[in-house]
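Have a look at the structure below, then the notes.
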Amino acid sequence: MPIGILQDPIFKALFNSPVPRIIVHADAPVFTIVISNDAHKVATNLVGKEISGKSVWETFDPTEAGGNGGKLLLDALTKAQTTNQTILMQPFRYDMGAIDGNGMVEKWWQLEITPIGGDAHKPSFLLTTTNDITSHVIKEREIEEARLVLQEVNSSLEAKVAERTSELARAYEQVSLSKHAAQLGTFDLDLIKGTMEWDSRCRELFGISHEQEVTYDHDFLTGLHPDDKERVVELISNLFDASKSNGDYDVEYRTVGVIDAKLRWVRAKGKVYFNLAGQPQRFIGSVLDITDRKTEEQLRNGFISMASHELKTPLTSLQGYIQLLKKNKAHKSMNLRDLHC
């Protein structure tokens, strides 16, 4: 190698930088090593070893390079020599011997091969900047493997959710078929889409006459009786938490009609369906008008209360008479004993 090039301050500063670099003779296909810097020896696990004067292939055995790394490197070096142009190689695998000498270590590289010296037709040397991208490639590979695993898991979850959705559709159909006979109102809250559907009977039980879209906040919460709202809201909140509920819904509460201001008692029964991750997906159920039953219960309880109050005074008097009769009987018995004596 010409001494002038090696001694040039700019060249020396460039060559001896922390970036791994090696210079080889442009003597294809041998490519004899001229010199390598310290960073290159660290990257290739060759610290403390003398490689100058040896062929690239003697130093870096292509049969142990992994894949077709040997051929790719030979082609790139040959092309740089024959074209006398800088060659930027795409990332490729070329394994290195382990530092302790036991086996090979996976390595990935991106090389820039620059012809130097010589003339316009043929360079004297090839300066190779050797970028070790092993950690980056391995990280990308791990990310891709994780992505594939996640994709497989998602596909499995989607299939199971689709199956559960089909079950929900069948269950909803059964509810729809039976609601008319029992004068049930039905509701369907899709927690994925954020939509809620009420049939005409359900709307009637909340005193709603419009056919517009209903919402949980505007229609359901507004229609709850103030004395029942806190209890029902807390129950539904727990209902959507898989750690607190199995999804079964059964509650009685009062509604106050938004339009007609009529008070109604209803019983609501339903089910929240969760996905495999425990997230609520859908909430469906029915609402039954129990106003008459509640009215009868209130009348019955009122009658019992009134009767108890009205009977309290006569019973107290009767109890007094009984006690007086017992005293009189006891007094007569005592007198009879005295006579016999």
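The values are calculated or read from the model by the stated rules, or taken from the named source; none is laboratory data. If you're wondering where the values come from, they're calculated on a predicted model, not measured in any experiment. We place every Cβ from the backbone using ideal geometry, glycine too, and count neighbours over all the protein chains shown. The area values use the complete protein model at the heavy-atom level, side chains included, leaving out ligands, DNA and RNA. Shrake-Rupley method; radii C 1.70, N 1.55, O 1.52, S 1.80 Å.
Find all pairs meeting these conditions: Cβ atoms under 6 angstrom apart; at least six residues apart or on different chains; first residue within segment 101-118 and over 13 Å from Q90 (Cβ atoms); second residue of a type in the set (D, E, K, R).
Partner pairs satisfying both residue conditions: M104/E64; M104/D95; E106/D95; K107/D95.
Sort through A120, A146 and tell me the only one that's over 22 Å from P18 (Cα atoms) and assigned to a loop (DSSP other than H, G, I, E, B).
Being over 22 Å from P18 (Cα atoms) and assigned to a loop (DSSP other than H, G, I, E, B) holds for just one of A120, A146, which is A120.
Take the residues in segment 191-206 that are part of a helix (DSSP H, G or I) and not charged (D, E, K, R); name whichever of them is most open to solvent (accessible area, probe 1.4 Å).
We begin by selecting, within segment 191-206, every residue part of a helix (DSSP H, G or I); these are 200-205.
Then keep just the ones that are not charged (D, E, K, R); that gives 200, 202, 205.
On the way: S200: 85, C202: 2, L205: 2 Å².
Step by step, filter segment 191-206, then rank; the result is S200.
Determine, yes or no, whether D260 is under 19 Å from D289 (Cβ atoms), outside any loop (DSSP other than H, G, I, E, B) and open to solvent by less than 80 Å² (accessible area, probe 1.4 Å). Walk me through how you get there before you give the answer.
Details: under 19 Å from D289 (Cβ atoms): yes; outside any loop (DSSP other than H, G, I, E, B): no; open to solvent by less than 80 Å² (accessible area, probe 1.4 Å): yes.
Against the criterion (under 19 Å from D289 (Cβ atoms), outside any loop (DSSP other than H, G, I, E, B) and open to solvent by less than 80 Å² (accessible area, probe 1.4 Å)), D260 does not qualify.
If I go through segment 197-224 residue by residue, how many of them are under 16 Å from I236 (Cβ atoms) and either among the β-branched types (V, I, T) or touching a strand residue (DSSP E or B) at 6+ places or on another chain (Cβ under 8 Å) (or both)?
11
Here's the yes/no breakdown for (1) more than 41 Å from the chain's Cα centre (by Cα); (2) loosely packed, with under 12 Cβ neighbours inside 10 Å:
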residue: Q90; (1), (2): no, yes
residue: D95; (1), (2): no, no
residue: I116; (1), (2): yes, no
residue: V137; (1), (2): no, no
residue: V153; (1), (2): no, yes
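Being free of Cβ contacts under 8 Å to residues at least 60 places away in the same chain, under 26 Å from H136 (Cβ atoms) and in contact with a Lys or Arg (Cβ under 8 Å, 6 or more places away or on another chain) narrows it down to one of S36, S17, so name that one.
S36 is the lone residue from the list that is free of Cβ contacts under 8 Å to residues at least 60 places away in the same chain, under 26 Å from H136 (Cβ atoms) and in contact with a Lys or Arg (Cβ under 8 Å, 6 or more places away or on another chain).
Quick one: which residue in D250, D289 is over 21 Å from T195 (Cβ atoms), of a type in the set (D, E, K, R), out of contact with any Gly (no Cβ under 6 Å at 6 or more places or on another chain) and free of Cβ contacts under 8 Å to residues at least 24 places away in the same chain?
Criteria check complete, one pass: D250.
Collect the residues in segment 99-117 that are modelled with pLDDT of 90 or more, of a type in the set (A, V, I, L, M, F, W, C) and closer than 24 Å to S17 by Cα, keeping them in residue-number order.
If the condition is that a residue be modelled with pLDDT of 90 or more, of a type in the set (A, V, I, L, M, F, W, C) and closer than 24 Å to S17 by Cα, then W108, W109, L111, I113, I116 are the ones that fit.
If L191 satisfies every condition in (1) within 29 Å of S55 (Cα to Cα); (2) modelled with pLDDT of 90 or more but one, which is the exception?
Evaluating L191 over (1) within 29 Å of S55 (Cα to Cα); (2) modelled with pLDDT of 90 or more leaves (1) as the failure.
Residue-by-condition table, conditions (1) modelled with pLDDT under 95; (2) open to solvent by 100 Å² or more (accessible area, probe 1.4 Å); (3) on the phi > 0 side of the Ramachandran plot:
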| residue | (1), (2), (3) |
| --- | --- |
| K244 | yes, yes, no |
| Y273 | no, no, no |
| G302 | yes, no, no |
| S317 | yes, no, no |
| Y321 | yes, yes, no |
| H331 | yes, yes, no |
| L339 | yes, yes, no |
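Which of the residues belonging to segment 33-55 are more than 20 Å from I133 (Cα to Cα) and open to solvent by less than 30 Å² (accessible area, probe 1.4 Å)?
The answer is I33, I51, S55.
Only one of these conditions is not met by Q81: (1) under 51 Å from the mean Cα position of the chain (by Cα); (2) farther than 16 Å from T130 by Cα. Which number is it?
Going through the list (1) under 51 Å from the mean Cα position of the chain (by Cα); (2) farther than 16 Å from T130 by Cα, Q81 breaks only (1).
Against the condition open to solvent by 50 Å² or more (accessible area, probe 1.4 Å), acidic (D, E) and part of a strand (DSSP E or B), how does E252 come out, does it pass?
Yes: the conditions hold for E252.
I need every pair where a residue in segment 212-233 that is surrounded by 12 or more Cβ atoms within 10 Å (Cβ to Cβ) has its Cβ under 6 Å from the Cβ of a residue that is not aliphatic (A, V, I, L, M) and not in a helix (DSSP H, G or I), sequence separation at least 6 or different chains.
These pairs meet every condition: V214/W198; G223/F206; G223/T255; H225/R254; D228/Y253; D228/R254; V232/Y253.
Part of a strand (DSSP E or B), surrounded by 11 or more Cβ atoms within 10 Å (Cβ to Cβ) and modelled with pLDDT under 95: does that describe T130? Please lay out each step first, then the result.
Details: part of a strand (DSSP E or B): yes; surrounded by 11 or more Cβ atoms within 10 Å (Cβ to Cβ): yes; modelled with pLDDT under 95: yes.
Spelling it out, T130 is indeed part of a strand (DSSP E or B), surrounded by 11 or more Cβ atoms within 10 Å (Cβ to Cβ) and modelled with pLDDT under 95.
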